[in-house]
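Here is the structure we will look at, set down as structure tokens.
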Amino acid sequence: MGIAILGTGAYLPERVVTNQDLEKIVDTTDEWIRTRTGISTRHIGGQGDETYLLAARAAANALQMAEVSAGEIDLIIVATISSHMLMPSCACFVQKELGANRAFAFDINAACSGFVYALDLADKYIQADPSKKILVIGAEALSSRTNWEDRNTCILFGDGAGAVILGYVEGSRGIMGSKLFSDGKLWSLLHMHTAPSCNPELLQSGNPGVHIVMEGREVFKYAVKAMEEAILALLEQEQVVLDAIKLIIPHQANIRILNNLVERLGISAEKVFINVQKYGNTSAASIPIALDEANRDSRVEAGDIVLLCSFGGGFTWGATLIRW
Ligand code: UT7
């Protein structure tokens, strides 16, 4: 038996913001952004692009590919750090939007690793009850959590959503295993406060507000090492050799992190899927968006072994192996 991805989908807001657009609002250049990050453009949402709407549109595309109706979904898990409300969850809004009336729904927060964590959770639910069909989404409107005066971070992020439908299938297809890690001691290197309440102590200058704060150089060092370690630990756990992997789909944060990973693993660059140049860092959405693109472009085909790996705030990191 296998617990397989039956369909993938993605949705990006229409508005494309270029590096040249950002040159007009912060002290930066297209050249700096491209050479230090690999990013050329990112999609930024506007009115009508709340996180749950991006999520629901990605989900509709995945349902269509899987030939599964919204009414057949038993559980909706949304990985996000930028829901438009803290309560109800983004997943409950997605349920309402899709009319997935039989499902129960909740969000998880594991920052950029949220999709990989959610996939593992869904895998365990279906192992316990193979009749279940689960919708797993990574969705972010990070433009609403970005300090647009901070050139260190505002050039990095984008909005978007990606989704998969998971279900039990006969045969050897499906999720082979995962390895997940966290280290809360390092939280301050990459974090975001909650929305200010009416507590008067928050109404002061120096209140950090609701946006991403990052020590980029430090995060970079941890990200490369942690993703390599997660990959090697998972390969050992599943007794799979690197050569057997058709495609690695990593979290898309910075092309230099991915080039570094290629070097450390000693693999060919073609083995690593990269689309950070188009979308920037979309946190929990980046892996499912990339997975959908790789799937629709036939970069992965039946029987191929695909490896997902992530690193993000928390710190959280991990990897998942899938036989496609
Ligand atoms: O998704 C979760 C995980 N997140 C990540 O993995 C992100 C990891 N970090 C990174 O991707 C990189 O560290 C950044 C892209 C954020 C920054 O690149 P860097 O090569 O580490 O640059 P830096 O922070 O060391 O800054 C180098 C210089 C500094 O100037 P000085 O102090 O050397 O004069 C910065 O002030 O570049 C300056 N700088 C900029 N210059 C032009 C920083 N941001 C910009 C900018 N435009 N946008």
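Per residue, what accessible area does the stretch 244-308 have, given a 1.4 Å probe and all protein chains present, in Å²?
In whole numbers, the stretch 244-308 has 33 Å² accessible per residue.
Given the options D150, D74, D243, which has the most mean-square fluctuation in a GNM of the chain, springs set between C-alpha atoms less than 10 angstrom apart?
D243
If the cut-off is 28 Å between C-alpha atoms, which lysines fall inside it for K185, apart from same-chain ones fewer than 8 positions away?
K185 reaches K124, K221, K225.
By Kyte-Doolittle mean hydropathy of at least -0.5 and Cα axial length of at least 27 Å, which whole DSSP H helices of the chain are selected?
Span-like helices, by this rule, are 216-238.
Can I get the semi-axes of the stretch 60-207's equivalent ellipsoid? Compute them from the C-alpha gyration tensor as square roots of 5 times the eigenvalues, in angstrom, largest first.
In descending order, the three semi-axes are 33, 18, 14 Å.
Per the Kirkwood formula on distinct C-alpha pairs, the Rh of the stretch 7-116 is how many angstrom?
15.7 Å
If I stretch the segment between W32 and R217 completely, what's the gain in nm (0.36 nm per residue apart, minus their alpha carbon distance), one decimal?
Length gained, W32 through R217: 65.1 nm.
Per the Kirkwood definition applied to all pairs of different Cα atoms, how many angstroms is the hydrodynamic radius of the chain?
Radius from the Kirkwood sum: 19.7 Å.
Can you pull the percent of the chain's accessible area that's carbon plus sulfur, 1.4 Å probe, other chains left in place?
It is 50 percent, rounded to a whole number.
Could you tell me the center-to-center distance, by alpha carbons, between the stretch 93-124 and the stretch 254-324 in angstrom?
After rounding, the separation between the Cα centres reads 20 Å.
If you count only protein heavy atoms and use a 1.4 Å probe, how large is the accessible surface of I25, to the nearest 10 Å²?
In the full protein context, I25 sits at about 100 Å².
Straight-line reach from K96: which lysines have a Cα under 20 Å away, not including same-chain ones fewer than 8 places off?
K132, K133
The values are calculated or read from the model by the stated rules, or taken from the named source; none is laboratory data. What you see is a predicted model, and the numbers here were worked out from it, not measured in a lab. Areas reflect the complete protein model, heavy atoms only, side chains present, ligands, DNA and RNA absent. Shrake-Rupley method; radii C 1.70, N 1.55, O 1.52, S 1.80 Å.
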